[in-house]
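Contents: one structure, followed by commentary.
The values are calculated or read from the model by the stated rules, or taken from the named source; none is laboratory data. In this text, all values refer to a predicted model and were calculated from it rather than measured experimentally. Positions of Cβ are generated from backbone atoms using ideal geometry, with glycine treated the same way; all protein chains shown enter the neighbour counts. What goes into the accessible areas is simple: the full protein's heavy atoms, side chains included, and nothing from ligands, DNA or RNA. Shrake-Rupley method; radii C 1.70, N 1.55, O 1.52, S 1.80 Å.
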Amino acid sequence: MTTIAANLETVRKRIAAACLAAGREPGDVRLLAVSKTFGPEAVIEAHAAGQTAFGENYIQEAVEKMAVLSHLPLEWHCIGPIQSNKTRLVAQHFAWAHTVDRLKIAQRLSEQRPPELPPLQVCIQVNVDGGPTKSGVAPAEALALARELAALPRLRLRGLMCIPEPAPDFVAARAVFMRAKALFDQINSEGLALDTLSMGMTADLEAAIDAGSTLVRVGTAIFGGRSYASAI
Ligand SMILES: *Cc1c(COP(=O)(O)O)cnc(C)c1O
């Protein structure tokens with residue numbers, strides 16, 4: 001077994017144990033393998049070990065990787081910041097975008113989604129712990145943005161996403177993730193049918209699952225430490 005295959009098995013066991021501890025079904029939580037900064041061979045190894053959904057932050061890097069891997073049935077998720085000049089690449093190449101936090105970006109994604117592809121699945125990124133310089137919409141603005149996104153023809157609004165600051169322990173991490181869960185429930189109670197709560201990474205996936213995450217984004221625990229010098 002390769003290191004990546006063994007790591008994937010360990011992560012799947014962590015997810016299953018966290019679901020069990022939270023009284024949830026293991027199938028309720030999807031694993032997104034975050035392959036940013038790693039080459040196509042790492043993705044091929046993960047795919048051979050049964051992983052099909054991959055997350056990328058750097059759009060140009062991702063599109064190059066997709067071209068090399070187009071023979072594999074992979075589902076690509078954009079989890080990095082989306083500037084206006086990158087919306088076309090995202091609309092053309094990704095199945096999901098997790099980091100939508102402005103109507104203007106959402107409108108461009110909808111307009112630029114090629115007609116032959118299914119709607120782009122999107123999450124609204126929420127700045128759930130209030131960092132002043134962070135991306136993500138303020139929690140108080142998430143419902144209004146959700147209503148606007150739900151009306152765009154070529155997007156399919158799936159849920160919310162957050163990247164809180166690292167917390168000192170499980171209890172502190174869980175408390176922040178619970179705010180995202182409360183917002184998710186509130187938006188659903190307003191009649192929007194969100195089914196995805198994208199939260200939890202290598203360090204905090206147990207706390208996120210306990211709070212109600214339905215999709216964890218895991219890089220380091222699968223592929224190892226990243227060397228940013230090699231990133232585009
Ligand atoms: C890099 C990244 C991850 C994965 O983080 P790890 O700590 O390596 O698991 C998850 N989500 C986003 C948005 C990221 O940028």
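I'm checking my understanding of the structure. Among residues of region 134-147 that are open to solvent by 20 Å² or more (accessible area, probe 1.4 Å) and away from the ligand (no atom under 16 Å from the Cβ), which one is farthest from Leu183 (Cα to Cα)?
Here the answer is Arg147.
Could you please find all residues in region 166-183 being in a loop (DSSP other than H, G, I, E, B) and open to solvent by 60 Å² or more (accessible area, probe 1.4 Å)?
We begin by selecting, within region 166-183, every residue in a loop (DSSP other than H, G, I, E, B); these are 166-169.
The answer is Pro166, Pro168, Asp169.
Return the total of residues in region 92-120 being within 25 Å of Glu165 (Cα to Cα) and not in a helix (DSSP H, G or I).
7
Give me the pairs, please: first residue somewhere in region 91-107 and modelled with pLDDT of 95 or more, second residue anywhere and open to solvent by 70 Å² or more (accessible area, probe 1.4 Å), beta-carbon distance under 7 Å, and either six or more positions apart or on two chains.
What qualifies is Thr99/Pro81; Leu103/Glu148.
I need every pair where a residue in region 8-37 that is assigned to a loop (DSSP other than H, G, I, E, B) has its Cβ under 9 Å from the Cβ of a residue that is polar (S, T, N, Q) and open to solvent by less than 70 Å² (accessible area, probe 1.4 Å), sequence separation at least 6 or different chains.
Close Cβ pairs (under 9 Å, with a partner that is polar (S, T, N, Q) and open to solvent by less than 70 Å² (accessible area, probe 1.4 Å)) amount to Val29/Ser213; Val29/Thr214; Lys36/Asn57; Thr37/Asn57; Thr37/Ser227.
So which residues in region 223-232 are surrounded by 14 or more Cβ atoms within 10 Å (Cβ to Cβ), at pLDDT below 95 and in a helix (DSSP H, G or I), if there are any at all?
Quick first cut of region 223-232, residues surrounded by 14 or more Cβ atoms within 10 Å (Cβ to Cβ) only: 223, 226.
Next, from what is left, pick out any that are at pLDDT below 95: 226.
Those that are surrounded by 14 or more Cβ atoms within 10 Å (Cβ to Cβ), at pLDDT below 95 and in a helix (DSSP H, G or I): none in region 223-232.
Would a scan of region 148-155 turn up a residue that is within 16 Å of the ligand (Cβ to nearest atom) and either more than 24 Å from Arg30 (Cβ to Cβ) or open to solvent by less than 60 Å² (accessible area, probe 1.4 Å) (or both)?
Residues of region 148-155 that are within 16 Å of the ligand (Cβ to nearest atom), as a first pass: none.
No, the conditions are met nowhere in region 148-155.
So how many residues does region 127-165 have that are part of a helix (DSSP H, G or I) and hydrophobic (A, V, I, L, M, F, W, C)?
Quick first cut of region 127-165, residues part of a helix (DSSP H, G or I) only: 139-150.
So of that shortlist, the ones also hydrophobic (A, V, I, L, M, F, W, C) come out as 140, 142-146, 149-150.
Qualifying residue count, region 127-165: 8.
Across region 38-66, what is the total count of residues that are within 15 Å of the ligand (Cβ to nearest atom), assigned to a helix (DSSP H, G or I) and in contact (Cβ under 8 Å) with a residue 40 or more places away in the chain?
The number of residues fulfilling the criteria is 3.
Can you find a residue that is of a type in the set (Ser, Thr, Tyr), within 16 Å of the ligand (Cβ to nearest atom) and in a loop (DSSP other than H, G, I, E, B) anywhere in region 205-216?
Step one: of region 205-216, the residues of a type in the set (Ser, Thr, Tyr) are 213-214.
Right, trim to within 16 Å of the ligand (Cβ to nearest atom) and you get 213-214.
Right, trim to in a loop (DSSP other than H, G, I, E, B) and you get 213-214.
Within region 205-216, one or more residues are of a type in the set (Ser, Thr, Tyr), within 16 Å of the ligand (Cβ to nearest atom) and in a loop (DSSP other than H, G, I, E, B).
So which residues in region 184-197 are open to solvent by less than 70 Å² (accessible area, probe 1.4 Å), in contact (Cβ under 8 Å) with a residue 24 or more places away in the chain and within 14 Å of Leu143 (Cα to Cα)?
Phe184, Ile187, Leu192, Leu194, listed by residue number.
Just give me the residues in region 154-177 being of a type outside the set (Gly, Ala, Ser) and touching a helix residue (DSSP H, G or I) at 6+ places or on another chain (Cβ under 6 Å), in sequence order.
First, the residues of region 154-177 that are of a type outside the set (Gly, Ala, Ser): 154-158, 160-166, 168-171, 174, 176-177.
Listed by number, the residues that qualify are Arg154, Leu155, Leu157, Leu160, Cys162, Pro164, Phe170, Arg174, Phe177.
Just name the residue that is surrounded by the most Cβ atoms within 10 Å (Cβ to Cβ) out of those in region 79-94 that are away from the ligand (no atom under 16 Å from the Cβ) and not hydroxyl-bearing (Ser, Thr, Tyr).
This residue is Ala91.
Looking at Thr220, Thr196, Thr202, which is the one that is of a type in the set (Ser, Thr, Tyr), at pLDDT 95 or above, under 26 Å from Leu109 (Cβ atoms) and under 18 Å from the mean Cα position of the chain (by Cα)? Give the steps one after another, and end with the answer.
On the way: Thr220 fails: under 26 Å from Leu109 (Cβ atoms); Thr202 fails: under 26 Å from Leu109 (Cβ atoms).
On inspection, the qualifying residue turns out to be Thr196.
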